[in-house]
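Below: the structure, in structure tokens.
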Amino acid sequence: MDNAGILLIGHGTRNAVGTQQFFELEKHLSARVAPAPVAAGLLEFQSPTIPEAWNQLLHAGVTHIHVAPLLLFAAGHAKQDIPDILAECQATSPSVTFDQSRPLSRHAAIIGLAMQRLSTALASCQHPQERTAIVMVGRGSHDPCAKADMRILSEILSRRSSVADVMTTFYAMTEPRLPDTLEAVAKSGRFDTVLVQPHLLFEGRLNQAILDQTREVADRHPSLQWLTSGYLGPDPLLADAIAKRTGMR
């Protein structure tokens, strides 16, 4: 569509670094889909809000909006919160149409980016990879589909790596929880290195909490090597996944 634009929706965070990273991603996405306009809106905590970003696209002459929720998995925000706000926006401008793209989930670019983060961290591994465990940490959700998607992602990464095991755990809202998983891994006797990968988009309270919980378990098991990888971050690969989800590239 000649008059289409993208509304990039982030969750919002009170963390200054995470906020900066979100808008850095917006710049990558804008470069990827130019000359189509891109506007960024945040669900909570901050401006611009989703309605403000919607209106920004209208002022740019957009008549169809590709809504791109910056979510790794489908859960309450994608299924209810965001659609409710979008319905309110469209009620004020009924001539404008929109569609909502699927969460990023297991898009090839997301898998590639996760593998890059793992490979970078594994470069510091002091032991054979057949004695190494990767623990993938998801945010956690009450939605069973989101939990299943996270497990499938871990299985894909397991098949692409040469470590002994890739496990799935969660920070909150569902089991197993990260501290319990790390304790079980440490006590199993199967591993010499444990690599924890936060499967998150940006810096924030959640990433710091995952690092803190990992350090607490590591302090109780100093005989193992403990590594943590970077989160996904505002990488051009992430922008590529968003653009392809919206059909703009």
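Out of all the residues in segment 117-137, which are part of a helix (DSSP H, G or I) and either within 19 Å of LEU206 (Cα to Cα) or in contact with a helix residue (DSSP H, G or I) (Cβ under 8 Å, 6 or more places away or on another chain) (or both)? Selection gives ARG117, LEU118, LEU122, GLN129. Between GLU216, GLU203, the distinction of being more than 16 Å from SER119 (Cα to Cα) and surrounded by fewer than 19 Cβ atoms within 10 Å (Cβ to Cβ) belongs to GLU216 only. Of all the residues in segment 105-161, those that are more than 17 Å from GLY230 (Cα to Cα) and among the β-branched types (Val, Ile, Thr) number 3. You will find that of ALA91, ALA123, ALA114, the residue that is without any contact (Cβ under 8 Å) to a residue 24 or more places away in the chain and under 28 Å from PRO234 (Cβ atoms) is ALA123 and no other. Among the residues making up segment 1-25, a single one is farther than 17 Å from VAL38 by Cα and without any contact (Cβ under 8 Å) to a residue 24 or more places away in the chain: ALA16. Consider segment 1-20 and keep the residues that are touching an Asp or Glu at 6+ places or on another chain (Cβ under 6 Å) and not in a loop (DSSP other than H, G, I, E, B). The one that is surrounded by the fewest Cβ atoms within 10 Å (Cβ to Cβ) is VAL17. When the criteria are applied in full, SER158 meets the requirement of being free of Cβ contacts under 8 Å to residues at least 40 places away in the same chain, surrounded by fewer than 22 Cβ atoms within 10 Å (Cβ to Cβ), among the small types (Gly, Ala, Ser) and outside any loop (DSSP other than H, G, I, E, B).
The set of residues in segment 124-142 that are polar (S, T, N, Q) and either under 12 Å from ARG177 (Cα atoms) or not assigned by TED's automatic domain parsing to the domain that holds GLY204 (or both) contains only SER141.
In the set (1) modelled with pLDDT under 95; (2) farther than 30 Å from ALA16 by Cα; (3) not in a helix (DSSP H, G or I), the condition left unmet by GLY140 is number (2).
Restricted to segment 161-182, and to residues that are of a type in the set (Val, Ile, Thr) and not in a helix (DSSP H, G or I), which residue is nearest to ILE210 (Cα to Cα)?
Going through the qualifying residues, I end up with THR169.
The set of residues in segment 198-226 that are more than 24 Å from ARG14 (Cβ to Cβ) and either part of a loop (DSSP other than H, G, I, E, B) or of a type outside the set (Lys, Arg) (or both) comprises VAL217, ALA218, ASP219, HIS221, PRO222, SER223, LEU224, GLN225, TRP226. Inside segment 66-85, residues that are surrounded by fewer than 20 Cβ atoms within 10 Å (Cβ to Cβ) and either modelled with pLDDT of 90 or more or β-branched (Val, Ile, Thr) (or both) make up a count of 3. Of all residues in segment 25-40, those that are outside any strand (DSSP E or B) and in contact with a Gly (Cβ under 9 Å, 6 or more places away or on another chain) total 5. The conditions are (1) part of a helix (DSSP H, G or I); (2) within 13 Å of the chain's Cα centre (by Cα), and ILE152 fails exactly one of them. Which is it? With respect to (1) part of a helix (DSSP H, G or I); (2) within 13 Å of the chain's Cα centre (by Cα), ILE152 is out only on (2). Being touching a strand residue (DSSP E or B) at 6+ places or on another chain (Cβ under 9 Å), without any contact (Cβ under 8 Å) to a residue 40 or more places away in the chain and among the aromatic types (Phe, Trp, Tyr) holds for only one residue in PHE170, PHE202, and it is PHE170.
The values are calculated or read from the model by the stated rules, or taken from the named source; none is laboratory data. Since the structure is predicted, the reported quantities are computational estimates derived from the model, not experimental observations. Virtual Cβ from ideal backbone geometry, glycine too; neighbours counted across all protein chains shown.
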